[in-house]
Amino acid sequence: GWCPLSPTGAQTTQLLVEPPWRPAVLWDRVTLTCQGLGTASATTWYKDGQRWGQQGLDHLSVTESGTYTCDRPGSGHSPPVSVLDDELVLQVPARALLEGDTVTLRCRG
């Protein structure tokens, strides 16, 4: 039979970072991609809490530092992604990390 999704099983909107390192830095030519329910044309972008950039695209080329999120009507707001303008950063892979994982860190400047 058919069973509705529980809230905990519902798909949420995600922001993918390219290149895939966190924190993202402006001089890396960062591209953010919004993934969620609904069509790309329904995507709304926010920077520091304000609507930002061209709406209706599922990707955004970042040209200013700040905190970015995206919204899709079917799955809501994404978690925030910060893009820094720092000259020296210690980066970790932009993926879920679990205790015991082997992780490569990058010190970049």
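The values are calculated or read from the model by the stated rules, or taken from the named source; none is laboratory data. All of these numbers come straight from a predicted model, not from anything done at the bench. All Cβ positions, glycine included, derive from the backbone under ideal geometry; neighbour counts span all protein chains shown. In case anyone asks, the SASA skips ligands and DNA or RNA and just uses the protein heavy atoms, side chains included. Shrake-Rupley method; radii C 1.70, N 1.55, O 1.52, S 1.80 Å.
Tabulated results
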{"quantity": "Pick from the stretch 97-109, criterion part of a strand (DSSP E or B) and open to solvent by 60 Å² or more (accessible area, probe 1.4 Å), ranking: nearest to L15 (Cα to Cα)", "calculated": "R106"}
{"quantity": "Matching residues in the stretch 14-44 - criterion: being open to solvent by less than 30 Å² (accessible area, probe 1.4 Å) and in a strand (DSSP E or B)", "calculated": "L15, V17, A24, V25, L32, C34, T44"}
{"quantity": "Where A94 falls short, out of the listed (1) open to solvent by 70 Å² or more (accessible area, probe 1.4 Å); (2) at pLDDT below 90", "calculated": "(1)"}
{"quantity": "Pair list, Cβ under 7 Å, 6 or more apart: the stretch 64-77 residue under 11 Å from Q35 (Cα atoms) and in contact (Cβ under 8 Å) with a residue 40 or more places away in the chain, other residue open to solvent by 50 Å² or more (accessible area, probe 1.4 Å) and among the β-branched types (V, I, T)", "calculated": "S75/T12; G76/T12"}
{"quantity": "Residue satisfying all of: in the stretch 45-58; modelled with pLDDT of 95 or more and surrounded by 15 or more Cβ atoms within 10 Å (Cβ to Cβ); nearest to L84 (Cα to Cα) among these", "calculated": "K47"}
{"quantity": "Candidate set from the stretch 75-91 (those that are in a loop (DSSP other than H, G, I, E, B) and not small (G, A, S)); member that is most open to solvent (accessible area, probe 1.4 Å)", "calculated": "E87"}
